[in-house]
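**Student:** One structure coming up, written as structure tokens, with questions to follow.
The values are calculated or read from the model by the stated rules, or taken from the named source; none is laboratory data. Every value quoted in this text rests on a predicted model; they were computed, and no experiment measured them. No Cβ is skipped: glycine too gets one built from the backbone with ideal geometry, and neighbour counts run over all protein chains shown. Heavy atoms of the whole protein, side chains included, go into the accessibility calculation; ligands, DNA and RNA do not. Shrake-Rupley method; radii C 1.70, N 1.55, O 1.52, S 1.80 Å.
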Amino acid sequence: MSRILQPASERRPETHPLTFRLHDDESPVSFDEYRSTHGYEAVAQALDKHTFESLTDEVKAANLRGRGGAGFSAGMKWSLTMKGEGVPRGYVVCNADEMEPGTFKDRLLMEQQPHLLIEGMILAGYANRAKQGYIFLRGEYHRAAASIQRALSDARANGWLGKRVNGSDWDFDIALHTGAGRYICGEETALINSLEGKRANPRAKPPFPGQSGAWGLPTVVNNVETLCNVPGIVAHGADWFQALSGELSDDGGTKLYGASGKVKQPGLWELPMGTSGRELLERAGGMRDGLTLKSWLPGGGSTGFLLPEHLELALDFDTIGGTGSRMGTGLITVVADNQSLVSLTRNLEEFFARESCGWCTPCRDGLPWSVKLLRALEAGEGEPGDIELLEQMARDLGPGKTFCAHAPGAAMPLASAIHYFRDEFERGISRPRGEAHADPIPVGSV
Amino acid sequence: MATIHVDGNDYEVEDSDNLLHACLSLGLDIPYFCWHPAMGSVGACRQCAVKQYKDADDDRGMLVMSCMAPVKDDAYISIADDEAKAFRETVIEWLMVNHPHDCPVCEEGGHCHLQDMTVMTGHDRRRYRFRKRTHRNQNLGPFIAHEMNRCITCYRCTRFYQDYAGGEDLGAFGAHDNVYFGRYEEGTLESEFSGNLTEVCPTGVFTDQTHSDHYTRKWDLQFAPSICHQCAAGCNISPGERYGDIRRIENRYNGDVNGYFLCDRGRFGYGYVNRQDRPTRPEWRQRSHERALAESPTTLEVDAALDCAADSLRGAKRIIGIGSPRASLESNHMLAQLVGEANFSTGIEAGELTRIRRMQALNRETGVATPSLREIEHADAVLVLGEDLIQSAARVGLSVRQAVRGKGAELGATRGIPDWNAEAIKTIAQDAGHPLFLATPEATKLDGIAAHAWRAAPQDIARLGFAVAHALDPTAPAVADLEAELARLAERCADALLAAKRPLVIAGDSLGDMAIIEAAGNVARALARRQKAEAGLTLIRREANSVGLGLLGGESLDWALERLEHGDADGVVILENDLYTRLSAARVEAALTEAGCVVVIDHQRTTTWERADIGLPAGTFAESDGTLVSLEGRAQRFYQVFDPSYLRPESRIRESWRWLHALKATLERQTVETIVLDELTEAVAGVAPALAALHRNTPESLFRIHGLKLAREPHRYSGRTAMRANLDVNEPRASVDLDTPFAFSMEGYSGYREPRREVAFAWAPGWNSPQAWNKFQDEVGGHLRAGDPGVRLFPVQPASGDYCATLPDAFARSEHEWQIVDLPQLFGGDEMSRRAEPIQARMAPPRVALSHADAARLGIDAGAPVSITVGEATFVLSARLSPSLPNGIVGLPAGSVPEAAPALTPGTIRRGRVAPGARDIGTGEARS
Amino acid sequence: MNQTTADDGARIASDAFALDPADREAILEERSHYPYPQAASIEALKIVQKRLGYVPDGAIPAIADTLGIRPADVEGVATFYSLIFRQPVGRHVILICDSSSCFLTDYEALRDAFIEHLGIHMGQTTADGRFTLLPVCCLGACDRGPAVLIGETLHGPVTPEDIPKLLEAYP
Ligand SMILES: Cc1cc2nc3c(=O)[nH]c(=O)nc-3n(C[C@H](O)[C@H](O)[C@H](O)COP(=O)(O)O)c2cc1C
Ligand code: SF4
Ligand code: FES
């Protein structure tokens, strides 16, 4: 359904490891096709020449940073998973809960090329000595579910999953688990609770999932795109991966970048890590007619707003991190000058308030209040002090103060919107403090 | 140990703690909600934030949740830091966003943790100007009222209810700012520990419904340290009184015994104290020449009653006394003094008395300790023989649950997860637990966490125990013809007990079977011989002072009735005992008719009371003082909560022992001297060596702090000058209490700084809720600083005596007879609490339980009448089909069917005939 | 979720609930996929919902019983997840993405058009039981915003004018 906007002719195995097999008509890459384009060879290679440790080291050397948004080194995470004598074999879990506003990359990979993900998971399973993999797929992705289900049975039928993977003495299988909604399921520990059939409240860290994850066993959680990068690394080596991004970034590899919002041609591209926002905007055909760029989100709703001047920056974790925002998922959301930032921020905070799991106080009770304040400002019914209150909330919803990263994610756009567009918020203040007035609309609860 | 630096001061703290626990234990105040000393940390509320610095030079620091931050040696933290303070104030402000601020009408007001924490953080201005979220409430049954709008979403209720107490029906529903705590559908809460929600909930969501019916603020209640009289576990309670009624019962912290939690029978069963039909004045029934008692009694004044009783007793050639296992040691002792030790009966049926004495001997002889409830929580393998603990001693069952859960902490330790990290421990544990083996006739509520739950007849349960003992120590007698399945189970139990460091055996008297008790004794002896130095033996007794009576000496009830029947004695004084619940009505009736004079001292209008020539109105636990001995062998003092005659001058209620003392003097034609409880307790201590440790509880009455007595009333107690104004505009002096260090007043010491073991109510400046107990403990959740109340009478002794070698044959079902077992009942199984309305509302209608196969054989459907004939007695109950009861056995609810009670008592194996019932079953069904 | 004081009608219905035998089988089959039965609880709810369109009160204890887990946990899960419906819904559930990219591409106008066209508010079901209107998190179709998921089919971009034709496919 979503499209990679580079035509097949532009996508080469050497430069587009994630997408070179994709068809222009969006039909899924079949098992046979995948095999005939060197698919699953990385698994064969790994089983042949790698130990658990050496495979992990290879991924660590490639400096593959997590594509789920936090950018944590995948190899590093794997090296921290408890394994070895006496430790029971645990799980690898693919985080396919993609619900970050503005993000539509994992769905494309799963719908159109599920074998790449499966191959990546087998490799992750091997490196982490897991006994079982789960793909935690959000419930709304029906097409991806069908595609994955089909691919799993093809892979199993061909000996890549199940007992004695590809004739080795190593057993590993993958099951598809579909969710039932709720953005918070994407938070890796909430995801594990959800997998266990519980309410998706996050878990405290430590212990990290690698110590005690699903059902108390060592567990690795990685994003779809992260896992899709692993076969390439194993097949071609860490250096090759590093070189993909060339001079553009210290982070290796390519990235599925995208743009949506008020652009002419929203879509996705596989580009070297560190490609600039400017290039994405250009590839998206620029702003829609008659509009100019006012602001943009670098990688989903939980990242901070940036200004046009930031477009020249490399879109990688450290560079964007340096602005006070976050690279997030790397799919930019483009905001035009006719858009009220107060309304957009209100929309984002409504999202975060509704999707809060309800476990910790700041997020559960703070976010809905911020929504009410934003609605008041949006309706021109703000009071003096409201903006300062919002700023205080943005601070007190920050990292370390809440139980998980959901609320800090909500705080980012809030703080940055006020920081860059304070005057728009000030325009919402019309009344003296404390005067009685009609209730704004209550938060909808679903 | 570790050193931490808090706001510039250095402290030594336990390095296995988290910072919140450590700081609270130091007496430093940090506000918190989701953390609870008994339930650990989950980091949800974010209220306990403090600043933590990397080292002495770091001046920026970082906010951490103190409950989730482990103590590290040389850690620098600040509670007073501005950012931390501001954040804590913001958290309270957020919690208050949806809180209705309805303190004036909220029943939590005045003992509310949320109020305390709000004041502590300094939050006093509302900035939120929008609409609040509201919820609908549920009807949760007779015990718990529900007001969800007050919820601050700390998750303590579900964590207690599900994780700690194993409940299934209460949970957290919804998400984001619409989280709802309640039942999955409206209805009565199923847990036997639901009452603790009222204390675990930091605000007024779950409050005491029984209290609501006659509500009084905490500060207007008069309290005393008391002991629950509703079973033998010996939980410490704080009953609160106003206007002469008990208004509610709160948990009283005892670090060795009940900790923070009570069962619902104990908490909600107090209604018998307030019953309108209680005798409050002496009653006299004239006898006709045919010895028949007059229909309606005449009330007498105290002196007249004493004279009257003394006169008629003087006419008797021999007077015997029948004591009671629900009365204090002091009252029983005073009775023995009145009638002479040779004429004293414990009031306990002969079989039960033998078993009580045997249990006591085993507690001394087997060489293993009798653990406290806290020690039970640390057992790492438990074998339960014959006891359905949740029904027979619920609080013990709750401790056994914690023992099983203890495995989580052990597993956590292998991966570096501290035991306070509650959710992480739960994750690592999944459903692993320390092994618990249960052998009972019918399914129990602990089955779900048992390694194995086995259903069997009492004989077979005993055989399992004997087989386990033999498997542990081959010199223990072997069980003849042991079935292969049973042998395997015995091996498994033995292996688990041997593998454990702190194995525990639990048995008791619920099934009235000596063989089970002996079997447990053999297991304990075998553990001692296998050098299990930390092994434990817990033996459940039925009543609050069963153990005490066993220690005091005295004959059985059967003996007493025989004396009367045979004319050996013709005067009898009966103390707080309804004989009709213990032996067959016909027999009791006959014996009492034979007696020339029957004096009954009790606080309830029992059948026995109605049979008295003279009835003397006694105080309940709330109106008297005394000592009880719990099943742990812990002698504990309970204190009078209020003086019944202060507000009701017409009342002539006295402590039983005071009546007995006065009666003795009157009988001996002496003037009635003032007596102080301490003298009596001293005297009891001299009765038997086993009781000598009671000396350590006296002289209690002279205990003072800074020369002050201890206050029974909070210092904000109001209305004192007005509360008696309907009687007299002059406020009389407060009643004087010579028996205890407590005053019937708010004057006196009620602080926490000076160590004292007996605390009427927990209060410290800024801490009005039950969390104020923190301030009285050596370490939060530990022991009271002055030591936990009570003295233990069963110290571990070297093993003596030998294995029991009389082993029962396997149960064989017979064609035409059924073996009867009584199944203990938490609600309804206790003579006193079943007089309380809320308990009645929770009592299951009494039914006879049969296996499905037996019911089919008899052609009986569920609910059909069944007639049961035991000896002479026949009664009819409706049938309950039990999926777990073995064939050939029928189960009767213990204590709930007075008609059945006599049938249950004699002998070890009671057999009876069971047939489809002919008539309708009037009584049982109608009662509830 | 149903937090209301259950009226007698609801009670009787809940008492009368029995799991369809095929659903029971399917739930037991799901249970076998995981090391602990609770993991199958969400799937179990989905199984019931697939047949009935929603999860009636009586299904909660029935599922708990089938899986051998606490009814409170089943209800906890049933009321947490947004795709489990604890009240009856229409034959077709229309999930309108209300997240930022769709917001920027005029989600609010589209939502209002749906509301007007169907004559119901968000969260409601049409009187003929045909449609239920609900918001949903970013559907991962930001390049086609505003996006709508009807049943299992994703549509986007959808304009207010498209609505009548679009809904024809859903009788
Ligand atoms: C509220 C929240 C939602 C998240 N949602 C997703 C998600 O949908 N998909 C995802 O891959 N990561 C998501 N994450 C990030 C994950 O927690 C985790 O970092 C990621 O799955 C790790 O994989 P990676 O290292 O391969 O990126 C989310 C994090 C938070 C705090
Ligand atoms: S920040 Fe707190 S309430 Fe929000 S999603 Fe995370 S744990 Fe839940
Ligand atoms: S008490 Fe520490 S977060 Fe709640």
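**Student:** Counting Lys and Arg as +1 and Asp and Glu as -1, what is the net charge of the other residues whose Cβ lies under 15 Å from the Cβ of residue B:301?
**Tutor:** Summing Lys/Arg as +1 and Asp/Glu as -1 gives -2.
**Student:** Another question, if that's okay. Extending each Cα 7 Å along its Cβ direction at residue B:354 and residue B:668, get the distance between those two points in nm, one decimal.
**Tutor:** 3.6
**Student:** OK, next. Once the Cα gyration tensor of region B:601-742 is diagonalised, what are the square roots of 5 times its eigenvalues, in whole Å and ordered largest first, as equivalent ellipsoid semi-axes?
**Tutor:** 27, 23, 15
**Student:** Okay, next question. Could you estimate the translational diffusion coefficient of chain B from the Stokes-Einstein equation, with Rh from the Kirkwood formula over C-alpha pairs, at 20 °C and 1.002 mPa s, in whole µm²/s?
**Tutor:** 74
**Student:** Which one of B:48, A:256, B:803 has its Cα pushed farthest toward the positive end of the charge dipole of the protein assembly as shown, where Lys and Arg give +1 and Asp and Glu give -1 at the Cβ?
**Tutor:** Value computed over the given set: B:803.
**Student:** When each pair of different Cα atoms in region A:181-222 is counted once in the 1/r mean, what is the Kirkwood radius in angstroms, to one decimal?
**Tutor:** 9.9 Å is the Kirkwood radius here.
**Student:** What accessible area per residue comes out for chain B, rounded to a whole number of Å², with a 1.4 Å probe?
**Tutor:** On a per-residue basis, 33 Å².
**Student:** Another question, if that's okay. Find the relative contact order for region A:322-399 and round it to a whole percent, using C-alpha pairs within less than 8 Å whose residues are 6+ positions apart.
**Tutor:** For region A:322-399, the relative contact order is 27 percent.
**Student:** Quick one: if the Förster radius is 56 Å, what FRET efficiency do residue A:318 and residue C:32 give, using the C-beta to C-beta distance and rounding to 0.05?
**Tutor:** Calculated value: 0.75.
**Student:** Just report the Cα centroid separation between region B:579-605 and region B:860-896, whole Å.
**Tutor:** Computed from Cα coordinates, the inter-centre distance equals 27 Å.
**Student:** So how much slack lies between residue B:295 and residue B:243, counting 0.36 nm per residue of separation and subtracting their Cα-Cα distance, in nm?
**Tutor:** Result for the pair: 15.5 nm of gain on full extension.
**Student:** Further question: Could you pull out which residues in region A:332-350 have an amide N less than 17 Å from a spot 7 Å beyond the Cα of residue A:288, following the Cα-Cβ vector?
**Tutor:** Only A:332-341, A:343-345 pass the distance filter.
**Student:** Once the dipole of the protein assembly as shown is set up with Lys and Arg at +1 and Asp and Glu at -1 on Cβ about the Cα centre, which of A:340, B:743, B:670 lies farthest towards its positive end?
**Tutor:** Sorting the options by dipole projection puts first B:670.
**Student:** Still on this structure, please answer the following. What is the projected area of the convex hull of the Cα atoms of region B:733-808, averaged over all directions, in nm²?
**Tutor:** The number I arrive at for region B:733-808 is 10.5 nm².
**Student:** Between residue B:276 and residue B:754, what is 0.36 nm times their sequence separation minus the Cα-Cα distance? Round to one decimal in nm.
**Tutor:** Length gained, residue B:276 through residue B:754: 168.1 nm.
**Student:** Towards the positive end of the charge dipole of chain C, with charges on Cβ (+1 Lys, Arg; -1 Asp, Glu), say which of C:39, C:120, C:170 has the farthest Cα.
**Tutor:** The listed residue farthest towards the positive side: C:39.
**Student:** Taking a temperature of 20 °C and a viscosity of 1.002 mPa s, what whole-number D in µm²/s does Stokes-Einstein yield for region B:555-621 with Rh from Kirkwood over alpha carbon pairs?
**Tutor:** 182
**Student:** Which value, to two decimals, describes the C-alpha radius of gyration of region C:120-161 once divided by 2.2 N^0.38 Å?
**Tutor:** For region C:120-161, the normalised Cα radius of gyration is 1.25.
**Student:** If you don't mind, there's one more thing I want to ask. Leaving ligands and nucleic acids out of the surface, order B:749, C:54, B:161, B:243 by accessible area at 1.4 Å, largest first.
**Tutor:** Descending order: B:243, C:54, B:749, B:161.
**Student:** To the nearest 10 square angstrom, how much accessible area does residue B:610 have with a 1.4 angstrom probe?
**Tutor:** For residue B:610, solvent-accessible area is about 80 Å².
**Student:** Just check region B:663-733 against the gyration tensor rule for me: Cα atoms, a ≥ b ≥ c as the square roots of the eigenvalues, rounded for a/c under 1.5, and otherwise prolate or oblate depending on whether a/b exceeds b/c.
**Tutor:** It comes out oblate by the Cα gyration axes.
**Student:** On to the next question. Against the longest principal axis of chain B, how steep is helix B:458-472, in degrees 0 to 90 to the nearest 10, with axes from Cα atoms?
**Tutor:** Helix B:458-472 sits at roughly 60 degrees to that axis.
**Student:** In addition: Considering only DSSP beta bridges with both partners in chain A, what is the antiparallel share in %, to the nearest 5?
**Tutor:** If we restrict to bridges inside chain A, about 40 percent are antiparallel.
**Student:** If you rank B:847, B:463, A:3, A:427 by how much accessible surface each has, with a 1.4 Å probe, what is the order from largest down?
**Tutor:** A:427, A:3, B:847, B:463
**Student:** Helix B:484-499: angle to the longest alpha-carbon principal axis of chain B, degrees 0 to 90, nearest 10?
**Tutor:** 50
**Student:** Report the accessible area of residue B:775, computed with a 1.4 Å probe over the heavy atoms of all protein chains in place, in Å² rounded to the nearest 10.
**Tutor:** Approximately 30 Å² for this residue.
**Student:** In region C:134-152, which residues give up 10 Å² or more of accessible area once the other protein chains are added, compared with their chain alone (1.4 Å probe)?
**Tutor:** C:134, C:135, C:136, C:137, C:138, C:139, C:140, C:142, C:143, C:144, C:149, C:152
**Student:** Label points 7 Å out from Cα along the Cβ direction at residue C:50 and residue B:124: separation in nm?
**Tutor:** Once both label points are built, they end up 6.1 nm from each other.
**Student:** Work out the length of the dipole vector of chain B about its Cα centre, built from +1 on the beta-carbon of each Lys and Arg and -1 on the beta-carbon of each Asp and Glu, and round it to the nearest 20 debye.
**Tutor:** Computed charge dipole of chain B: roughly 960 debye.
**Student:** Over chain A, what percent of the accessible surface lies on carbon and sulfur atoms, probe 1.4 Å?
**Tutor:** 51
**Student:** Using a cut-off of under 14 Å, list every residue of region C:15-51 whose amide N is near the label point 7 Å from the Cα of residue C:152 along the Cα-to-beta-carbon line.
**Tutor:** Residues C:47, C:50-51 fall inside that zone.
**Student:** Magnitude of the Cβ-charge dipole of region B:21-66, K/R +1 and D/E -1, about the Cα centre, nearest 20 debye?
**Tutor:** For region B:21-66, the charge dipole is close to 200 debye.
**Student:** Dividing the convex hull volume of the alpha carbon atoms of region B:125-226 by its residue count, what do you get in Å³ per residue?
**Tutor:** 145
**Student:** Right, something else. Would the protein assembly as shown count as rounded, prolate or oblate if I go by the C-alpha gyration tensor, calling it rounded below 1.5 in a/c and otherwise prolate when a/b exceeds b/c, oblate otherwise?
**Tutor:** Taking the square roots of the gyration eigenvalues as a ≥ b ≥ c, the protein assembly as shown is prolate.
**Student:** What's the FRET efficiency of residue B:139 with residue C:17 using the Cβ-Cβ distance as r and R₀ = 22 Å, to the nearest 0.05?
**Tutor:** Calculated transfer efficiency: 0.55.
**Student:** Taking 1 over the mean of 1/r across every pair of different Cα atoms in region B:383-425, what Kirkwood radius in Å do you get?
**Tutor:** 11.6
**Student:** Let me ask something else. What is the helix-to-structure angle for B:394-414, meaning the angle in degrees between its Cα long axis and the longest Cα principal axis of chain B, kept from 0 to 90 and rounded to the nearest 10?
**Tutor:** With both axes taken from Cα atoms, the answer is about 40 degrees.
**Student:** Provide a whole-number value for the mean count of partner chain Cβ atoms within 10 Å of the Cβ atoms in peptide A:201-214.
**Tutor:** Partner Cβ neighbours, averaged per residue: 5.
**Student:** Check cross-link reach from residue B:532 to the lysines: straight Cα distance under 22 Å, and skip same-chain residues fewer than eight apart.
**Tutor:** B:407, B:501
**Student:** Suppose each label sits 7 Å from its Cα in the direction of the beta carbon; what would the residue B:797-residue B:38 distance come out to in nanometres?
**Tutor:** 3.3
**Student:** Please give the total accessible area that chains C and A bury against each other, computed with a 1.4 Å probe and expressed in Å² to the nearest 100.
**Tutor:** The contact between A and C buries close to 3900 Å².
**Student:** Rounded to a whole number of µm²/s, how large is the Stokes-Einstein D of region A:1-132 at 37 °C and 0.692 mPa s, given Rh as the Kirkwood radius over C-alpha pairs?
**Tutor:** The calculation lands on 203 µm²/s.
**Student:** In square nanometres and to one decimal, what's the mean projected area of the convex hull around the Cα atoms of region B:30-95?
**Tutor:** 4.5
**Student:** Quick one: putting +1 on the C-beta of Lys and Arg, -1 on the C-beta of Asp and Glu, what dipole do you get for the protein assembly as shown around its Cα centre, in Debye to the nearest 20?
**Tutor:** So the dipole magnitude of the protein assembly as shown works out to roughly 720 debye.
**Student:** Sorted by accessible area (1.4 Å probe), largest first, how do B:3, B:158 line up?
**Tutor:** The ordering from most to least exposed comes out as B:3, B:158.
**Student:** For chain A, what is the largest minus smallest coordinate of the Cα atoms on each principal axis, given in angstrom and ordered from greatest to least?
**Tutor:** Rounded to whole Å, the extents work out to 76, 47, 35 Å.
**Student:** How much FRET efficiency would the formula 1/(1 + (r/R0)^6) give for residue B:475 and residue B:814, where r is the Cβ-Cβ distance and R0 is 45 Å, rounded to 0.05?
**Tutor:** Here the calculated transfer efficiency is 0.85.
**Student:** So, one more: In square angstrom, rounded to the nearest 10, how much accessible surface does residue B:502 have for a 1.4 Å probe?
**Tutor:** About 70 Å², ignoring ligands and nucleic acids.
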